[in-house]
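> Got a structure here, written out as structure tokens. Questions coming.
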Number of protein chains: 2
Amino acid sequence: MGDLVLTHDMLVIGTHVMSDCAPEDVAWKLVGVNLSDLAAKGAQPIGVLMGYMLGASEWDTRFAAALGDALSHYDTALLGGDTVATPAQSGDTRAFGMTAIGRATHMPVPSRSGARPGDTLWVTGQIGLAMLGYLGETGEAPCNDIAIARYRRPAPRLSEGRALAPHVTAMMDISDGLLLDAQRMAQASGVTITIQSGAVPLPAPIIGNADLPAQAMRWGDDYELLFTLPNGIEPPIDATRIGVVYGMSEHHLLIDGAVPDPMQSLGWEHG
Amino acid sequence: MGDLVLTHDMLVIGTHVMSDCAPEDVAWKLVGVNLSDLAAKGAQPIGVLMGYMLGASEWDTRFAAALGDALSHYDTALLGGDTVATPAQSGDTRAFGMTAIGRATHMPVPSRSGARPGDTLWVTGQIGLAMLGYLGETGEAPCNDIAIARYRRPAPRLSEGRALAPHVTAMMDISDGLLLDAQRMAQASGVTITIQSGAVPLPAPIIGNADLPAQAMRWGDDYELLFTLPNGIEPPIDATRIGVVYGMSEHHLLIDGAVPDPMQSLGWEHG
């Protein structure tokens, strides 16, 4: 397989996107989510294969056009796939699977298991923008076009991932929540990660709110990059330092030095 | 991408397999169907990625064990994937996607578009065995263990595909029916294919029946290999010669020299 990186993500209407989601947004989200996995590996996208459950013909036509736009935007080819009929009793449940293939730009390919005691923890962009977009869509927060765009069409951090790959000790994308994904990185690396909540970069409408900062750290969909660097090394791109890596203690994740509330989920647990 | 071959197939419960299908059979079928695409390219399987919609925990556990058995049987690794929750309103509709990666053993990789006038048309194994298995399961035909096994767990013709790859002008696997797939090969190659129905190798219980031979040629699920050879070349494996390739005429497919009945489907049309 050499320097090829492969990743597969599935998107289910009703689970990952709302049932009335525009087909264009589903296409852009499917591409964005998959290419974000390549970004976290510092890989350059080559192409995708996709599995598609057929729906209404107008929906499918709009999806196909947007899929072409999104793939073209990221200079990525549609290499193959499979279309299948959707059973009548499915209650509009449809699943789309995409496999993305990329070429690593730096070897070894960054993984989530390389964080070492003494490393610093960093994140690109802002945490909670996609959550603000969702709350705007559902009317629970004021509408915010940038946030809604981020929620609907995640922008994979491809160039940042390639710039970071030669420097990081560990890297992953944040799909299920900052805290949950940081805990996964700590578990995979056999270390303890401590996050300073006051350092986490939040969008302005979230800062100062009583509940939203804690929610934002548990909300997925931002698809920012979470990475560790050796102590004293600065990242070659814009990013924010949010924590430190320690040797393994009793817990994998600490927030401001304390164990997270065990009654509160750290993020989006699959299934 | 060099000599890598990638293929993606999706399997939907209720569409491709019966709703009460055993999880073990779903796992073997998913692997068999995907590796059959590699077989038609003369490729050696390396690994798979899969997208999995979660179901009942006992079902999922049995599926996972059988998936491990099937992949191990074909010396193929599980390289990655994604598990997703199934929406409550799905009516038990669940979709599974699999991407298979193989390494070509002969370049150029055989395709369905290389058939040339003067070539001969061949098929491996028997056509209609999976149909007999289905009819046995539904009680419309006597039970036949070999046929039921073929229907439930297609056996990809991997070694035959590798042996054939250096010799064929075109090759594909028969997933949607002999006639439909032969027509697709003819369309892709810009030729006319004529099939001698009397030469098509049928299982004994089908021979002599008034309707079943015509149905068998329109039934998918056999996953045999359909291929063309230059005139005078014999295949290096057991196979049956069933037709001839001509230059393009008004129709892509002829059966015993005649145009197929336009009122009757040639096979399983997706969607």
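> Sorted from fewest to most neighbouring beta carbons within 10 Å, what does the list B:MET98, A:MET107, A:MET172 look like? Kindly include the intermediate steps, with their values, before the conclusion.
Details: B:MET98 28, A:MET107 11, A:MET172 23.
Fewest to most other Cβ atoms nearby, the residues stand as A:MET107, A:MET172, B:MET98.
> Shape of the range A:72-189 from its Cα gyration tensor (a ≥ b ≥ c, root eigenvalues): rounded if a/c is under 1.5, otherwise prolate when a/b > b/c, or oblate?
oblate
> Could you size up the charge dipole of the protein assembly as shown around its Cα centre, putting +1 on the beta carbon of Lys and Arg and -1 on that of Asp and Glu, and report it in debye to the nearest 20?
Roughly 1120 debye for the protein assembly as shown.
> Tell me whether the range B:121-262 comes out rounded, prolate or oblate; compute the Cα gyration tensor, take square roots of the eigenvalues as a ≥ b ≥ c, and use a/c under 1.5 as the rounded threshold.
Cα axes put the range B:121-262 in the oblate bin.
> Considering the dipole of the range B:1-156 built from charges on the beta carbon (Lys and Arg +1, Asp and Glu -1) around the Cα centre, which of B:GLN89, B:GLY125, B:LEU67 is farthest to its positive end?
In the range B:1-156, that residue is B:GLY125.
> For the range A:135-271, with only Lys/Arg (+1) and Asp/Glu (-1) charged at the beta-carbon, what is the dipole magnitude about the Cα centre, in debye rounded to 20?
320
> Using the alpha-carbon centroid of each, what span in Å lies between the range B:1-30 and the range B:63-134?
6
> Once you order the gyration tensor axes a ≥ b ≥ c over the Cα atoms, which shape class does the range A:128-191 get: rounded for a/c under 1.5, otherwise prolate or oblate by comparing a/b with b/c? Show your work: numbers first, answer last.
Working: a/c = 4.43, a/b = 1.78, b/c = 2.49.
It comes out oblate by the Cα gyration axes.
> Work out which helices of chain B, taken as complete DSSP H runs, extend at least 15 Å along their axis over the Cα atoms and score a mean Kyte-Doolittle of -1.0 or more, then list them.
Answer set is B:23-39, B:57-73, B:178-189.
> Would you work out the charge dipole size for the range B:4-104 about its Cα centre, treating the Cβ of every Lys and Arg as +1 and the Cβ of every Asp and Glu as -1, and quote it to the nearest 20 debye?
With Lys and Arg at +1 and Asp and Glu at -1, about 320 debye.
> Report relative contact order for chain A in percent, whole number only (criteria: Cα-Cα under 8 Å, sequence separation at least 6).
With pairs under 8 Å counted, the relative contact order is 25 percent.
> Considering only B:LEU178, A:GLY190, B:ALA258, whose Cα is most displaced toward the positive end of the charge dipole of the protein assembly as shown, charges sitting on Cβ of Lys, Arg (+1) and Asp, Glu (-1)?
A:GLY190
> Just grab the label-to-label distance for A:HIS251 and B:ALA188, each label 7 Å out from Cα along the Cβ direction, in nm (one decimal).
Inter-label distance under the simple model: 5.7 nm.
> Further question on the same structure: Could you point to the residue in B:MET98, A:ALA39, B:GLY51 farthest towards the positive end of the protein assembly as shown's charge dipole, with +1 and -1 charges on the Cβ of Lys/Arg and Asp/Glu respectively?
The one lying farthest along the dipole's positive direction is A:ALA39.
> Okay, next question. Between exposed GluC sites (Glu not before Pro) in chain B, where DSSP calls loop and at most 12 other Cβ atoms lie within 10 Å, what's the longest gap? Mind dumping the intermediate values first?
Details: sites that count: B:GLU140, B:GLU250, B:GLU269.
Answer - B:1-139.
> Counting other beta carbons within 10 Å of each Cβ, put A:SER111, B:SER36, B:SER189, B:SER57 in order, fewest first.
Ascending number of Cβ neighbours within 10 Å: B:SER57, A:SER111, B:SER189, B:SER36.
Every number in this text was worked out from the coordinates using simple rules, so none of it is lab data. Not measured: the values here are computed from a predicted model. When we count neighbours, we look across all protein chains shown, and the Cβ atoms used for this are built from the backbone with ideal geometry, even at glycine.
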